Amino acid sequence: MKNIPVYAIFIILFSGCNYEYESYSESYTSKIIKNVVLDIECVKSSLDKNLEFNTVTESKNSLRTSISDIEVQIKVTENELVIVSKYKTESKHDKNIYIVSAVGKRVERIIFNDCDY
């Protein structure tokens, strides 16, 4: 009789753990909320002057750039900065979360240093 709760917990644990590693390894999101007005022009010029990134394109309150085979999207609103880095869809090699995370953190650090956030 004591074994029934153990089996039930075992079944619940393993049936409920349906994680997709692929979706986790493809992107990294960093969300920073500040109570100041963020200047999208400062963010754009910060990335433009950094030669490791490709051309920065702007649309409304978001910026898009890339480095190698990783695409980076930055969304800037009045009190929020969201950085999403992910592999481009056409890349065929093994995806590595550490590389994607490093690119996202690199963008974050560049923006913080150049724009005094």
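Given the conditions (1) at pLDDT below 90; (2) touching a helix residue (DSSP H, G or I) at 6+ places or on another chain (Cβ under 6 Å), which single one is not true for Thr65?
(1)
Can you name the condition, by its number, that Ser23 falls short on among (1) small (Gly, Ala, Ser); (2) out of contact with any helix residue (DSSP H, G or I) (no Cβ under 9 Å at 6 or more places or on another chain); (3) at pLDDT below 85; (4) not in a helix (DSSP H, G or I)?
(4) is the only condition that Ser23 fails.
Which residue is farthest from Glu108 (Cα to Cα), if the candidates are limited to segment 68-85 and must be hydrophobic (A, V, I, L, M, F, W, C) and surrounded by 17 or more Cβ atoms within 10 Å (Cβ to Cβ)? Outline the logic, then answer.
First pass over segment 68-85, keeping only residues hydrophobic (A, V, I, L, M, F, W, C): 70, 72, 74, 76, 81-84.
Narrowing the set further to residues that are surrounded by 17 or more Cβ atoms within 10 Å (Cβ to Cβ) leaves 70, 72, 74, 76, 81, 83-84.
Values: Ile70: 15, Val72: 11, Ile74: 10, Val76: 12, Leu81: 9, Ile83: 7, Val84: 10 Å.
Of everything passing the filter in segment 68-85, Ile70 is farthest from Glu108 (Cα to Cα).
Could you pull out the residue among Glu58, Glu41, Glu52, Glu71 that is assigned to a loop (DSSP other than H, G, I, E, B), modelled with pLDDT of 50 or more and not small (Gly, Ala, Ser)? So that I can check it myself, show each step before the final result.
On the way: Glu58 fails: assigned to a loop (DSSP other than H, G, I, E, B); Glu41 fails: assigned to a loop (DSSP other than H, G, I, E, B); Glu71 fails: assigned to a loop (DSSP other than H, G, I, E, B).
Among Glu58, Glu41, Glu52, Glu71, only Glu52 is assigned to a loop (DSSP other than H, G, I, E, B), modelled with pLDDT of 50 or more and not small (Gly, Ala, Ser).
The values are calculated or read from the model by the stated rules, or taken from the named source; none is laboratory data. Computed from a predicted model, the values in this text were never measured in an experiment. Using ideal geometry, Cβ is built from the backbone for each residue, glycine included, and neighbour counts are taken over all protein chains shown.
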